[in-house]
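Worksheet: the structure to be examined is printed underneath.
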Amino acid sequence: MSNILEISNLTKHFGGLTAVSSLDLHIAQGEILALIGPNGAGKSTVFNLVAGVYAPSEGTIRFKDREIHGQKPWDLCRMGLARTFQIVKPFAGKTVLYNVMVGAFLHTGSTHKAREKAEEVLATLALDHLRDNPAGNLTIADRKRLEIAKALATNPDLLLLDEVMAGLRPTEVDDMIAIIKGLRDRGVTVFVIEHIMRAVMALSDRVVVIQFGQKIAEGAPQDVTQDENVIKAYLGGEYGAA
């Protein structure tokens, strides 16, 4: 299976601070890869580098066999790379349908086609019954789904999900796990940052763990959670005693 994303020697300096250091990782087409680590480990910086928000200080990022250094986020979105944000900021006064149509307009100038695409995405994420509601009235769980819907409307090949389960109740986490697995079944490759280890274990094909911007472990979820370095740096005693 070919790799949709390849990161080599990725490094990012902010003044005297090195946020990401010599990071190598890849994601195969159709895979779900989780990026985990302590707060401040550099996870969001990695996402911002991949999504074109920041330019790398060193290293390369290849998406669909094309080096994307220097590409802007909107150009990458047209290429098939979309992301969500940890803090969701919908157009609160506009309807759910309007919010998703904004994403759909990336590939069409037709209001009719954008509406059709938005309605299809809302149905996929079980939000169609809320299509005419103002986005500002949604629950946290539904706002998280809307954030995914906005990204999905751009027809991504690779979807970056930044803590889409933060703040959700356990049953809502289960629902989100099912949604993300369903996206993968529809052909979307998923790169996810997540702190809820139950979700990471249920979702991921592979896990990459970083600390202080450096990779300290990589592998299948069940292997990574038994790694002594990961237990010490991130998981804590509950896994060490298991």
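The values are calculated or read from the model by the stated rules, or taken from the named source; none is laboratory data. Bear in mind that the values here come from a model prediction, so they are computed numbers and not experimental data. Positions of Cβ are generated from backbone atoms using ideal geometry, with glycine treated the same way; all protein chains shown enter the neighbour counts.
Structure notes:
- Scan of segment 43-77 for residues that are among the hydrophobic types (A, V, I, L, M, F, W, C), in contact (Cβ under 8 Å) with a residue 60 or more places away in the chain and not in a helix (DSSP H, G or I), ordered by number: ALA51, PHE63
- Filter result for GLN214 (more than 18 Å from the chain's Cα centre (by Cα) and at pLDDT 95 or above): yes
- Selected residue (only one of THR60, THR84, THR108, THR124 is in contact with a Ser or Thr (Cβ under 7 Å, 6 or more places away or on another chain) and hydroxyl-bearing (Ser, Thr, Tyr)): THR60
The rows are residues; the columns are (1) among the β-branched types (Val, Ile, Thr); (2) closer than 23 Å to LEU49 by Cβ; (3) in contact with an Asp or Glu (Cβ under 6 Å, 6 or more places away or on another chain).
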position: ALA151; (1), (2), (3): no, yes, no
position: VAL190; (1), (2), (3): yes, yes, no
position: GLN222; (1), (2), (3): no, no, no
position: THR225; (1), (2), (3): yes, no, no
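- Residue count for segment 153-171 under the criterion of being more than 16 Å from the chain's Cα centre (by Cα) and farther than 23 Å from ASN39 by Cα: the result is 1.
Results for (1) under 17 Å from the mean Cα position of the chain (by Cα); (2) assigned by TED's automatic domain parsing to the domain that holds LYS64; (3) not in a strand (DSSP E or B), shown as yes or no for each residue.
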{"site": "LYS12", "(1), (2), (3)": "no, yes, no"}
{"site": "THR18", "(1), (2), (3)": "no, yes, no"}
{"site": "LEU23", "(1), (2), (3)": "no, yes, no"}
{"site": "ALA34", "(1), (2), (3)": "yes, yes, no"}
{"site": "ALA41", "(1), (2), (3)": "yes, yes, yes"}
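- If the condition is being of a type in the set (A, V, I, L, M, F, W, C), in contact with a helix residue (DSSP H, G or I) (Cβ under 6 Å, 6 or more places away or on another chain), within 13 Å of PHE85 (Cβ to Cβ) and not in a strand (DSSP E or B), then segment 147-199 contributes only VAL164.
- Of all residues making up segment 197-215, the number that are over 22 Å from GLY16 (Cα atoms) and surrounded by fewer than 20 Cβ atoms within 10 Å (Cβ to Cβ): 6
- Among residues of segment 19-46 being of a type outside the set (A, V, I, L, M) and touching a helix residue (DSSP H, G or I) at 6+ places or on another chain (Cβ under 7 Å), the one that is surrounded by the most Cβ atoms within 10 Å (Cβ to Cβ) is GLY37.
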